[in-house]
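The values are calculated or read from the model by the stated rules, or taken from the named source; none is laboratory data. Because the structure is predicted, anything quoted here is derived from the model rather than measured. A quick note on method: Cβ atoms are made from the backbone with ideal geometry, for glycine too, and the neighbour counts reach across all protein chains shown.
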Amino acid sequence: MRLELFLMALAVGVATYAFRVLPTRMARRDLPEGGMLARFLASTGPAAIATLFTASVLPLVQQAGLPVPLVVGTLAVVAVFVWRRSVVLATLAGAGVYGGIFGLLGA
Amino acid sequence: MAADAFGEDILATLKGQGDGLRGLLAALPIALGYLPIAFSFGVAATRAGLSEAEAVMLSVVIYAGAAQFLALALVTSGASLVVSAITLIAMNLRHVLYGPALLKAAGARDMRTVWGWGFGLTDEVFGAALGHIARGGAFSERFMWGLGAGAYASWVVGTGLGAMAGGAALEGWPVLDAALGFMLPALFLALLLSILSRVQVPVIVVAVVVTVGVSLMASATMGILAGMVAGAVAGVLQR
């Protein structure tokens, strides 16, 4: 194992750990209800997940416009989630449909 | 009285263990998503010239999927390790917001073991915990330990399996390769649907628009950071 690669991973790992833990420890004191920071934090979750979804889809769109597998796969995730209310089933269905359409179209 | 107190202690302990088990079960969707994604990472890492041990080490030590894929791109492009580390640290800065947002949603105060379960507060664990709370589930540290342990184990195991399979593992399986490539977006979308409410629609729209704009004009890392902050600011301004 290369020492320099391990040291880089360690630096990133320690920083990431600090990002995840230190603000959580500091946030133990009560935040004023309806305050700006409280509202900011309440909106962070949906904003973060929407951002990560967009960031993960963007390279697929940039490669091939709006490919059919992406559209159908996305619809499959939404449809299965509405039907079963299950994150795992929706995820697996979306990936399965995406791969299936990809194979059918010979993309 | 002493017997009653003893009984209550046992009940509390069992209840706590139940929380841990519930957390582990709640990790199942994440594990099913993580295994193939981590497998892809293991394959990509060995394809990029890393050894099996180095691939697994990245998953054990960094434990942040998007950053790990970016790490491969940076290392193989010849970027210095200092520049790579700074870039990856900046990319993971978004995690600063997760813990406080989660505690706010849970109305939780007494966090004695956050030093442990906080390590596993990834994008997906955060999303799953938030979804659990939004659906009326009870929040506890044992739940977070279970949730985090299941997700972490699947990530490390998936990476190891991918690294052992080797860089050419998916070359003869284009459909499987495509399906695995869509696993991460599908997981994020499902998590988003699980916490969706009418009041958050403007937050989501702003986050998406800003992410696309900044990603196209600057970089994907900047787009992620800007999208999150812009969406959260929109949430502050709308009420």
**Report entry** Qualifying position, being modelled with pLDDT of 80 or more, more than 8 Å from every other protein chain (Cβ to nearest Cβ) and over 21 Å from A:Phe81 (Cα atoms), among B:Val201, B:Val206, B:Val214, B:Val236
**Finding:** B:Val214
Query raised in the report: Quick one: what pairs do we get from the range B:60-86, first residue facing chain A (nearest Cβ under 8 Å), second acidic (Asp, Glu), C-beta under 9 Å, 6+ apart or different chains?
Result: B:Ala64/B:Asp123; B:Ala66/B:Asp123; B:Leu81/A:Glu4
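To keep it simple, each residue is scored yes or no on (1) part of a helix (DSSP H, G or I); (2) surrounded by fewer than 23 Cβ atoms within 10 Å (Cβ to Cβ).
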position: B:Gly20; (1), (2): yes, yes
position: B:Leu25; (1), (2): yes, yes
position: B:Pro29; (1), (2): yes, no
position: B:Leu35; (1), (2): yes, yes
position: B:Val43; (1), (2): yes, no
position: B:Leu50; (1), (2): no, no
position: B:Ala66; (1), (2): yes, yes
position: B:Ala79; (1), (2): no, yes
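Residues are listed down the side, and each one gets a yes or a no for (1) surrounded by 15 or more Cβ atoms within 10 Å (Cβ to Cβ); (2) at pLDDT 90 or above; (3) in a loop (DSSP other than H, G, I, E, B):
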position	(1), (2), (3)
A:Met8	yes, yes, no
A:Ala38	yes, no, no
A:Leu41	yes, no, no
A:Gln62	no, no, no
A:Val72	yes, yes, no
A:Leu75	no, yes, no
A:Ala90	yes, no, no
A:Gly99	yes, yes, no
**Report entry** Filter result for B:Ser194 (more than 8 Å from every other protein chain (Cβ to nearest Cβ) and either more than 15 Å from A:Thr44 (Cα to Cα) or in contact (Cβ under 8 Å) with a residue 60 or more places away in the chain (or both))
**Finding:** no
Report summary line: Of (1) within 11 Å of chain A (Cβ to nearest Cβ); (2) within 22 Å of B:Phe188 (Cα to Cα); (3) more than 13 Å from the chain's Cα centre (by Cα); (4) at pLDDT 85 or above, B:Gly23 satisfies every one except (1)
Report task. Answer yes or no: is there a residue in the range B:146-155 that is surrounded by fewer than 20 Cβ atoms within 10 Å (Cβ to Cβ), part of a helix (DSSP H, G or I) and more than 7 Å from chain A (Cβ to nearest Cβ). Result -> yes
Query raised in the report: What tally of residues in the range B:52-64 results from selecting those that are assigned to a loop (DSSP other than H, G, I, E, B) and surrounded by fewer than 21 Cβ atoms within 10 Å (Cβ to Cβ)?
Result: 0
Query raised in the report: Got a number for residues in the range B:112-146 being touching an Asp or Glu at 6+ places or on another chain (Cβ under 9 Å) and either outside the structural domain of B:Tyr63 (by TED's automatic domain parsing) or basic (Lys, Arg) (or both)?
Result: 2
Query raised in the report: Across the range B:130-140, what is the total count of residues that are in a helix (DSSP H, G or I), in contact (Cβ under 8 Å) with a residue 60 or more places away in the chain and of a type in the set (A, V, I, L, M, F, W, C)?
Result: 2
Query raised in the report: So is B:Leu184 facing chain A (nearest Cβ under 9 Å), touching a helix residue (DSSP H, G or I) at 6+ places or on another chain (Cβ under 6 Å), part of a helix (DSSP H, G or I) and more than 17 Å from B:Ala129 (Cα to Cα) or not?
Result: yes
**Report entry** Flag if B:Val96 is over 18 Å from the mean Cα position of the chain (by Cα), facing chain A (nearest Cβ under 10 Å), among the aliphatic types (A, V, I, L, M) and not in a loop (DSSP other than H, G, I, E, B)
**Finding:** no
